[in-house]
1. Where the centre of each part is set by its Cα atoms, how far does the stretch 109-161 sit from the stretch 203-274, in angstrom?
2. With r defined as the distance between the Cβ atoms of S202 and K279 and R0 fixed at 51 Å, what FRET efficiency is calculated, to the nearest 0.05?
3. So what is the relative contact order of the stretch 67-168, in percent, for Cα pairs below 8 Å that sit 6 or more residues apart?
4. Of K10/K450; K243/K393; K7/K69; K292/K314, which ones are farther than 23 Å apart at the Cα?
5. How many angstrom lie between the C-alpha centres of the stretch 1-59 and the stretch 356-375?
6. What are the ³J(HN,Hα) couplings of the stretch 15-31, residue after residue, when phi is run through the Karplus curve with 6.51, -1.76, 1.60 and θ = phi - 60°? Round to Hz, x for glycine and proline.
7. Please work out the FRET efficiency for the pair K20 and A451, using the Cβ-Cβ distance as r and a Förster radius of 41 Å; give the result to the nearest 0.05.
8. Modelling each spin label as a point 7 Å along the Cα-to-Cβ direction, I'd like the N12/D112 distance in nm, to one decimal.
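Throughout, read-outs are computed from the coordinates displayed, never taken from laboratory work. Keep in mind the model is a prediction, meaning the values are calculated, not measured. No Cβ is skipped: glycine too gets one built from the backbone with ideal geometry, and neighbour counts run over all protein chains shown.
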Amino acid sequence: MMMMMKKYNKINEKILNELKFIAGAGSVITEAERLEAYSHDELMEPSCMKYPQAVVFAKSAEEVSQLLKLANRENIPIIPRGAGTGLTSASVAIYGGIILSLEKMDKIIEIDSQNMFMTAEAGVRTAEIQRAARENGMLYAGDPCSGESSFIGGNAATNAGGNKAVKYGTTRRQIYGLKIVTASGDILTLGGKCMKDSTGYSLINLVIGSEGTLAVITEVCLKLMPLPAESIDLLIIFNDFKKAVEMVPRIIKLGVNPTCVEFMDNAVIKNCEKFIKEKLPHSENGHYIIVKLEGSNIENLEQDSIKIDELCSKNGALETLVADPARIWKARNAFAEADRAESPVFSAEDLVVPPAAIADAVKYIAGLAAGYGLTVHCAGHAADGNVHAHILKGALVEGEWREKLNSFQRELYAKVYSMGGKLSGEHGIGYKRTALMSEFCNKTELDMMKAVKKALDPNLILNPGKIFIIDE
Ligand SMILES: Cc1cc2nc3c(=O)[nH]c(=O)nc-3n(C[C@H](O)[C@H](O)[C@H](O)COP(=O)(O)OP(=O)(O)OC[C@H]3O[C@@H](n4cnc5c(N)ncnc54)[C@H](O)[C@@H]3O)c2cc1C
């Protein structure tokens, strides 16, 4: 059966004037050279790029409300956008229309030290939230690697993860309240500063991770944590990848409560070493597990480090080093850029499996890559079972690359789902993974998601073509 996509209207002169009336003429752009920056996110894949007709910079929830009412009335797509650091083209105007940028809503509204909460507008940078919490003697535990650029609203809309999710959970766990504007333009506050809430459906959790398809987030209320005074970073090196990753559940079982447990395979280490131009330990044959321990008492952290070292040494580790955090995290965080330098085009997979299955998943990827003659680099959040697998295009011609990537992904995700895994651990589905989503997500689950979408956004104006495509 042919799938019929909804048809949308274009912005005409009258609508453009109305946009300018709502947001102010200086907050609406339509010039091609200024729209370019909003025609893509960090994916930079030509087939996922598209110019919007206009970008509008909202300054308040009231303006967002008026813009959504206008988009509904005129049947024009409207795409909420944070900093555009996404990796799935989720904030791109695939069907044209208006990009609704939150970048001018960049104020921290309140730091409530007594209850340990921060309330901020959606366009505040994640690193700014972290800095403000720190300056007030507290920790904001959300920590995506893109934090210097991404916005807190984008983190909420994607349920961003990052290196600290093993101890503190993903962004969902940090958010207690949201101010949203519904698709029909109603302004609503969900949740707040209560530590518990069993008052009906958890609508806040429906909006978190909905990738701008259900509502526009204008404000977040974030839980802050006590700031750990001490930290130790350990670099544990193995010459066998399986042994390295199999150690991760056993480190967790020690009860040392690590903040981060990351892995880098040998190909990634070599590539990052080349990119940052710094010699990395055992780069000739090593595979890394990086552990960060944080707490209030350095002696306790040292004892925990000894426990980890003893466990790993007994189980084949070449060496456990107390690492210089600046150096080791520089290497880990260079993963994506180092691969981009190697192959400007690559597909960044973000699969997640139950943590104990991570070694089998990575082994499977290596076998599959060898079979297809593809170069695939794996690193990621080991204790979360979240593997970032970069499939490099290298010198392959476009047709061959597309064909190989397509079959590689289908074989990979069939295996991932058979292991109890999922398509994405933290980057989301966006536009890039809609076809895989319709193939691999359970049909009833997908139908429930579509029913929620239709109930909350009956005219399908909010970020259409993302997560799934609804046929009319
Ligand atoms: C180098 C690099 C490292 C990264 N590391 C991580 C990582 O460690 N962990 C991780 O999870 N991700 C990571 N990412 C991906 C990305 O940074 C995150 O998904 C981030 O949360 C996106 O935030 P943003 O403000 O850039 O949102 P955008 O990219 O602008 O938007 C992302 C999605 O959120 C929606 N959205 C944005 N703002 C709002 C809003 N106010 N209301 C409603 N919907 C909205 C958009 O419509 C879109 O669907 C990384 C990206 C890069 C380039």
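1. So the separation of the two Cα centres works out to 17 Å.
2. 0.55
3. Numbers: 154 pairs, mean separation 22.7, N = 102.
Once divided by the residue count of the stretch 67-168, the mean separation gives 22 percent.
4. On the way: K10/K450 25 Å; K243/K393 29 Å; K7/K69 18 Å; K292/K314 20 Å.
Correct reply: K10/K450; K243/K393.
5. Rounded to whole Å, the Cα centres lie 40 Å apart.
6. Per-residue couplings from phi come out as 5, 4, 5, 5, 4, 5, 5, 6, 9, x, 4, x, 9, 10, 10, 9, 6 Hz.
7. Computed FRET efficiency for K20 and A451 comes out at 0.65.
8. Simple spin-label model gives 4.8 nm for this pair.
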